[in-house]
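The values are calculated or read from the model by the stated rules, or taken from the named source; none is laboratory data. Bear in mind that the values here come from a model prediction, so they are computed numbers and not experimental data. Positions of Cβ are backbone-derived with ideal geometry, glycine not excepted, and every protein chain shown enters the neighbour counts. Accessible surface areas use protein heavy atoms only, side chains included; no ligands, DNA or RNA. Shrake-Rupley method; radii C 1.70, N 1.55, O 1.52, S 1.80 Å.
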Amino acid sequence: MTAALQLQPELEDSDTDLVAQAVQGNSQAFRQLFDRHYRRIYALVWRLAGDHDSAHDVTQEVFIKVWRSLTSFRGESKFSTWLHTVATRVAISELRKQKRWQQGLVLTDDPTYSEQLAGAQSTDVSLLDRLILRLPVQMRWVFVLHCIEGLRHEEVAQELGIAVGTSKTQVHRARALLEEWLSDDTTNNS
């Protein structure tokens with residue numbers, strides 16, 4: 001599990017209690033789970049989606065799915081681990097649906113179009129996050145899941161339906177591109 005997903009032990013115990021209450025229909029308990037985990041899940045989805053509107057919509061879908069699936073949480077792992085798994089699967093599925101729909105809306109085949117969109121993001125986003133948005137979609141997903149979220153290549157391959165070797169190659173290429181872009185940025189700003 002990644003450091004980003006680790007909770008203090010007392011919060012994890014509290015999560016278990018809140019899940020039990022939510023399964024019994026206590027919406028306030030679910031709201032507490034939502035409030036506790038929303039930012040972390042939103043950050044994961046935003047990095048996968050590449051834009052705030054999609055990330056907001058998909059994060060809502062994640063929590064709807066979690067609410068409907070709470071009875072399937074058996075407590076064999078931490079709630080935060082289970083939530084992360086559900087979030088990753090829902091996000092990838094929803095983003096694939098959106099991508100298929102958006103392919104019909106592309107108005108230009110100019111390869112710089114996606115870079116211009118990524119560059120138009122708000123200035124409150126870190127340089128690395130802006131550069132990650134420039135990566136091709138599947139490469140970005142692999143990079144985020146492996147390098148940021150800490151999934152093993154086998155897990156990434158299973159989640160995305162790709163070969164383990166493809167996951168490793170995509171991470172290698174993403175790192176090379178990011179290093180190149182970072183060095184270009186520091187050269188241009190010096």
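Below is a table of values for the structure above.
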{"quantity": "Selected residue (criterion: most open to solvent (accessible area, probe 1.4 Å)) from residues of segment 152-177 that are small (Gly, Ala, Ser) and touching a helix residue (DSSP H, G or I) at 6+ places or on another chain (Cβ under 7 Å)", "calculated": "Ala163"}
{"quantity": "Qualifying positions in segment 1-26 - at pLDDT 85 or above, in contact with a helix residue (DSSP H, G or I) (Cβ under 9 Å, 6 or more places away or on another chain) and open to solvent by 50 Å² or more (accessible area, probe 1.4 Å)", "calculated": "Thr16, Asp17, Ala20, Gln21, Val23, Asn26"}
{"quantity": "Cβ pairs under 6 Å, 6+ apart, first in segment 73-94 and modelled with pLDDT under 90, second open to solvent by 30 Å² or more (accessible area, probe 1.4 Å) and of a type outside the set (Val, Ile, Thr)", "calculated": "Glu94/Glu61"}
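One line per residue, one yes/no per condition, for (1) surrounded by fewer than 19 Cβ atoms within 10 Å (Cβ to Cβ); (2) modelled with pLDDT of 95 or more; (3) assigned to a helix (DSSP H, G or I); (4) more than 16 Å from the chain's Cα centre (by Cα):
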site	(1), (2), (3), (4)
Leu131	no, no, yes, no
Arg140	no, no, yes, no
Gly150	yes, no, no, no
Glu179	yes, no, yes, yes
Ser183	yes, no, yes, yes
